[in-house]
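Pasting a structure below so you can have a look.
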Amino acid sequence: MHDSKLNGTAEYGTTHAPSLVATQNSPSARFKTRTWMARAAASAATIAPATIMATIMASIMASIMVATLSACSPSQAPQTMEVTAGGRTFTCRLAINEAGRDQGLGGVASLGPNEGMIFAFPDAEPHNFWMRRCIMDIDIAFIDPLGIVTAVHTMKAEELQRPDESEAAYFARLKKYPSLAPAQFALEVAPGTLEPLGVRRGSRIEFDRDLLKRLAE
């Protein structure tokens, strides 16, 4: 098909005439050649703008995709996020990856009345938190994908890992605090904060959930 449409010799030359020279010199052949050339020019005029436009659109879409991915990249994540619970707004550090969630507030000696940490997971699942390497009590509220609290605890600081204690033994003795239902987020604030604010199971906590869902890994 490609040759028969775009190759003038194949369509109008030796295939249809007993003599190539005679065919090329005949008025009919010259008319057909001119007709083919006109068709080819018209086809090129139609294809070229379409091809150029397709190339431009592909470039634009690629740029948009790159910009979107960059905007959602963990490397571009904000350092803090405002979280509102019980009418109070907390400025919270983010724990959005495995390393950040594992570290949590371990080693932190105190939190201001409007400070905290917000944890984000890639999916909503049952979770347990514990006080590994933590040296202060912490209030925690587990939160589902819609921003509804599934459980609230005051987690107590425990004896740190002893020099002669294995990691497994240390972990085994730490108390576990469950989410009680699938949760995708957890808010940690200073001890004794959440109960006076009326934050309990079923309460709603406001923050940019969609952003944290995109950032969580």
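In this structure, does residue 154 turn out to be β-branched (Val, Ile, Thr), assigned by TED's automatic domain parsing to the domain that holds residue 187, in contact with a strand residue (DSSP E or B) (Cβ under 9 Å, 6 or more places away or on another chain) and closer than 14 Å to residue 177 by Cα? Outline the logic, then answer.
On the way: β-branched (Val, Ile, Thr): yes; assigned by TED's automatic domain parsing to the domain that holds residue 187: yes; in contact with a strand residue (DSSP E or B) (Cβ under 9 Å, 6 or more places away or on another chain): yes; closer than 14 Å to residue 177 by Cα: yes.
Criteria met by residue 154.
Would you say residue 181 is touching a residue at least 12 places away in the same chain (Cβ under 8 Å), under 21 Å from residue 81 (Cα atoms) and either within 28 Å of the chain's Cα centre (by Cα) or not in a helix (DSSP H, G or I) (or both)?
Spelling it out, it is not the case that residue 181 is touching a residue at least 12 places away in the same chain (Cβ under 8 Å), under 21 Å from residue 81 (Cα atoms) and either within 28 Å of the chain's Cα centre (by Cα) or not in a helix (DSSP H, G or I) (or both).
Select from the range 122-144 the residues that are more than 29 Å from the chain's Cα centre (by Cα), surrounded by fewer than 22 Cβ atoms within 10 Å (Cβ to Cβ) and either among the aliphatic types (A, V, I, L, M) or in a strand (DSSP E or B) (or both) and list them in ascending order.
Across the range 122-144, the qualifying residues are 135, 136.
How many residues are more than 25 Å from residue 133 (Cα to Cα), over 20 Å from the mean Cα position of the chain (by Cα) and in a loop (DSSP other than H, G, I, E, B) when one looks only at the range 75-111?
2
The values are calculated or read from the model by the stated rules, or taken from the named source; none is laboratory data. This one's a predicted model, so the numbers in the text were calculated from it and none came from an experiment. Methodologically, a virtual Cβ is constructed for each residue, glycine included, from the backbone with ideal geometry; neighbour enumeration extends over all protein chains shown.
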